[in-house]
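We did not get these values from a lab; they are worked out from the coordinates using the rules stated. All of these numbers come straight from a predicted model, not from anything done at the bench. Using ideal geometry, Cβ is built from the backbone for each residue, glycine included, and neighbour counts are taken over all protein chains shown.
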Amino acid sequence: MSLDEHRPTSESRPRPPYMKPTDITDPNFFHKVVDCQWACPAHTPVPEYIRMIAQRRYTDAYMVNWESNVFPGVLGRTCDRPCEPACRRGRIEEKPVAICRLKRVAADYRGDIEHLMPEIAPKNGKRIACIGAGPASLTVARDLAPLGYHVVVYDRDASGGGMMRSQIPAFRLPEAVLNEEVERILNFGIETRFNQNIESLKTVLDEDYDAVFVGTGAPRGRDLDIPGRDQVGEHFHIGIDWLMSVAFGHTSKIGKKVIVLGGGNTAMDCCRTSKRLGGDDVKVIVRSPFETMKASPWEIEDAQREDVEILNNHVPLEFVIEDGKLVGMKFDRVEPIFDENGRRKLVSTGEEPLFFPCDDVLCAIGQENHFPWIERDIGLEFGEWDMPVVDEVTFRSTHPKVFFGGDAAFGPENIIWAVAHGHQAAISIHQMCEDIDLEDRPDPKVTLISQKMGMHEWSYHNDISNDPRYQVPHAEKKMALSDIKLEVELGFDEKLAYDEAMRCLNCDVQTVFETGRCIECDACVDICPVDCINFTMNGEEAEVRQTLRVPALNAEQDLYVSDVLPTGRVMIKDEDVCLHCGLCAERCPTAAWDMQQLLHNEAQAKSRELAL
Amino acid sequence: MTYIAKPKFHHPNLPRNDLGLTRRDYEGSMSTLCAGCGHDSVTAAIVEACFELNLPAHKVAKMSGIGCSSKTPTYFLSKSHGFNSVHGRMPSVATGANLANNELKYIGVSGDGDTASIGFGQFAHAVRRQVDMLYVVENNGTYGLTKGQFSATNDRVSVGRKGQVNAFESIDLVSIAIQLGASFVARGFSGDKDQLVPLMKAALSHKGFAFIDVISPCVTFNNHGGSTKSFEFVRDHEHTVTGADYVPHRDEITADYAEGSVLDVTLHDESRVRLRKLDATYDPSDRAAALQYMMEHQAKDEVVTGLLYLNTGDDELKEKMDVTAAPLNSLGAAELRPDMATLEKINAGLR
């Protein structure tokens, strides 16, 4: 006669639909817990290299990056950082770990890596063309050349790098850093055909390549068709063209008063470059509200720090021309109105248009793809927006030998996406040459290894720092503005890098639960600093989420559900804000909890080689 | 024991009580007990109860003696008052503190050794004097701090880790407490906080001696197959006689229960305990019947849990002694020094 109200009876036992026990052998479950790595298009093992930085193993940290994202030095300065908004630390305190800056630390302090470069296999007789020498093409070249492919890289410019060279100003990315990482790849026996503008894909295909990779980016900046456009003449510039002209030394001056149109990262580069070329009164004028500007928050901050004024909710009306000369622009003031579908419209406030005087206008309102050089009768289909039809997994076009990647594939993104595309295209090209089905993608290399060293010792540092995010030091403003090549961000020194690295929560060290060992003593529930462990009856997920110790309201984060325990309950852990401190495992008397490091290395073309 | 301090970070959505505090604000320093110790769960239950009762930490005094259990006040309410006495002498210190200042809530934490062996006499007198406090015994039937000898509460049928037989009769602290006149007697289990936390909240709201015997398994020495104080044994033999819900005075009672199955008892601070009688024959206000019930079920190897005895009609120590209700440290010269006429009267009475 058990009258225990807490004991499940046949009536109170959960009935379907309840949650199934989590399958931790599914490589995605724990990978998703590593928010930064999951968010990174190239799936760089971020916590792994941050720990190496804390151990001053900069070379190792650089190589982890180089394997996965190819351009650690470049990306450590210019990455769009999808990892940082995803960082768990940002949900626990105010700001994420400065992942990008730490990546740069690995590049800045690393030692010699020549001996760590892959061995180049003897030529396999296959020839691959990469059109455009930007990040996507160079990634394809890096992945394929060591396997024995003869890779030919074409570019209209005199050197490799693509938009990393032509669009990113030197004060954000020093030339030496870029050159080194580009040269390293070109040294893998790549044949370069620079200063060569491809005018026909057909001619390239006629050269009998085994595959052609198109990584030509989104090279055309949008123009602005408003009254007066035809009379502004040389005082109107398309942003990316102007940045390229500055990068290659053709432009070294701009007027005192500059208006930059647009709110993306190109606009930020334009205004900051103007400040260095004689622009005194530089305004960024953007149609949308400040909050929805496309530029990365840190780039907006950097521009504002250099006294660039940003005006939002202003729609350009016309160029004002006096005596055949540009004297300024008129803008309509607008406010965002949302219709019942939540769609935003910018509606005029009805106020008088505003006039802003200027000497030059830089137009950075977007960029587009442009494929006039691809013949439409070679079996390569074009779809909506005059974009080539490209498979999202294999990156193959409808022409069996032609692959696309980077901005050329699906429109403007950023460097890290281009790298990710490059890896996938390289896998496809390799599989095509080896006669393997392109849809049969290679598995990532995944290991899950216990970190237990002793009773309460782990092979990772679980005593994380409580410090807020560290600021990176900047060059003195006056000096920075007087030298277009002087890098503004100075990067962390070793001490700052260590302090910042210790903020990382080690989200790759997973809490692994073994149901059979658990005696339901509650020790883990009691010690968990963020109340994420529960022992409760199973049920429907939406309902269970509401009834946990702290309701699990972040639906993007999974629940980790155990098998049924002797009391009929299950262990449910909300992965959302777990600190990965390992205290659950330290307090567990039966080692039902263990801390195990997930190392997830995304598949590359060479993985297929190893598997064969 | 864990070497690192518990990280300061807490869940961003952690609930706050009326004082604006989270349950993390009621914690103490890091426990140095064995991993999985039941005592740490009792600590967590105290933390939860104080949090939910909106107790200001500076209005609480933690009292303890010696033993694994007596270490635990360090692990909760780090901003409270406290006294860690010599072995078994916590009841005297608590009695004195109570007389000096009854405006504090007294939480005494003791173990089976501290209460049923070296401090048994002290315990008996705190009970019969109705000292106004919550007295928790973290009962694991073993002397864990001296490597696992049988304690006085270890059941006769319970063998040692290596099969040693227990030759002596065990002391049932719940029966003793009921017999000696404790006005609130309960038994809980460290592995069941759903039951333990409401018991603690009710006990903290009760005026008089509130005793909770918490079966708290010793994972190192007494959580094996032959033990009657193991997680597994208690889960298999637990017999919950009353479910007790704590109802803060301002809350409406909304749940529906079958007639006669529920007993509402109003406590001294106007809050209520709602007793759900899981055994309809049980009467938690009848001392003799309660004692008999304990003995009968004990004979069947059952561990009776729940709120077992409740008497809200008895005075607590200070009322019994008819001394001033005000804390002694608040009394000024006027209250402490008798005037001439009173002094004359006292002197005359002594002649």
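Below are the figures for this structure:
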read-out	value
Förster-model FRET efficiency, 25 Å R0, A:ILE120 and A:TRP373, C-beta, rounded to 0.05	0.20
Farthest toward positive dipole pole in the protein assembly as shown [+1 Lys/Arg, -1 Asp/Glu at C-beta], among A:THR139, A:LEU583, A:PHE188	A:LEU583
At most 16 other Cβ within 10 Å, DSSP loop - GluC sites (Glu not before Pro), the stretch A:419-526	A:GLU434, A:GLU439, A:GLU476, A:GLU514
DSSP beta bridge pairing in the stretch A:221-366, given as percent antiparallel to the nearest 5	55 percent
Residue-averaged 222 nm ellipticity for chain B, from DSSP H runs of 4+ at -39500 (n - 2.57), nearest 500	-8000 deg cm²/dmol
Long-range amide H partners of A:VAL509 with built H, under 5 Å	A:LEU598
The stretch A:452-461 - phi-based ³J(HN,Hα) in whole Hz, Karplus 6.51/-1.76/1.60, Gly and Pro as x	6, 10, x, 3, 9, 10, 10, 7, 10, 8
Karplus-derived HN-Hα couplings along the stretch A:397-409 (A = 6.51, B = -1.76, C = 1.60, θ = phi - 60°), whole Hz, x at Gly and Pro	7, 7, 8, x, 9, 10, 10, 10, x, x, 4, 5, 7
Inter-chain shielding of A:524-532 (mean C-beta neighbours from other protein chains, 10 Å cut-off)	6
FRET efficiency for A:LYS95 and A:ASP563, using Cβ-Cβ distance with R0 set to 41 Å, rounded to 0.05	0.60
Estimated FRET transfer efficiency (A:ALA555, B:MET340; beta-carbon r; R0 56 Å; 0.05)	0.10
In degrees, nearest ten, helix A:415-433 long axis to first principal axis of chain A (Cα)	80 degrees
Simple Cβ-charge dipole of the protein assembly as shown, Lys/Arg +1 and Asp/Glu -1, about Cα centre, in debye nearest 20	2820 debye
Chain B: angle of helix B:287-299 to the longest principal axis, Cα-based, in degrees nearest 10	20 degrees
Per-residue [θ]222 nm for chain A (sum of -39500 (n - 2.57) over DSSP H runs n ≥ 4, rounded to 500)	-8000 deg cm²/dmol
Cα-Cα over 21 Å, subset of A:LYS452/B:LYS71; B:LYS8/B:LYS79; A:LYS95/A:LYS275; A:LYS103/A:LYS478; B:LYS147/B:LYS300	A:LYS452/B:LYS71; A:LYS95/A:LYS275; A:LYS103/A:LYS478; B:LYS147/B:LYS300
Set of the stretch B:85-125 residues, backbone N closer than 15 Å to the point 7 Å along the Cα-Cβ line of B:ASP315	B:99
Length added when fully stretched, A:SER200-A:ASP463, from 0.36 nm per residue minus Cα-Cα	88.8 nm
The stretch B:23-321 pair-distance distribution - Cα-Cα, 5 Å bins, rounded %	1, 6, 13, 18, 20, 18, 13, 8, 3, 1, 0
3J(HN,Hα) from dihedral phi, the stretch A:84-92, Karplus parametrisation 6.51/-1.76/1.60, rounded to Hz, x for glycine, proline	5, x, 7, 3, 4, 4, x, 8, 9
Label-point separation, A:HIS474 to B:PHE168 (7 Å along Cα→Cβ), nm	7.5 nm
Distant-in-sequence amide H partners of A:VAL282 (H built 1.01 Å from N, under 5 Å)	A:VAL258, A:GLU309
Filtered trypsin sites (Lys or Arg not before Pro), the stretch B:50-106: DSSP coil and at most 13 other beta carbons within 10 Å	B:LYS79
Using alpha-carbon coordinates, inclination of helix B:38-52 to the longest axis of chain B, degrees	50 degrees
Solvent-free Debye scattering, log10 I(q)/I(0), computed from the Cα coordinates of chain A at q = 0.05 Å⁻¹	-0.27
Residues whose placed amide H lies under 5 Å from that of B:GLY108, excluding near-sequence neighbours	B:MET63, B:LEU134, B:TYR135, B:VAL136
Antiparallel content of DSSP bridges confined to the protein assembly as shown, in %, to 5	50 percent
Global form of the stretch A:322-462, assessed from the alpha-carbon gyration tensor, a/c cut-off 1.5	oblate
Computed label-point distance, nm, for sites A:LEU224 and A:LYS32 using a 7 Å Cα→Cβ extension	4.4 nm
Percent antiparallel among DSSP beta bridges (both partners in the stretch B:23-321, rounded to 5)	40 percent
DSSP-loop chymotrypsin sites (Phe, Trp or Tyr not before Pro) across the stretch B:160-211, with at most 15 other Cβ within 10 angstrom	B:PHE168
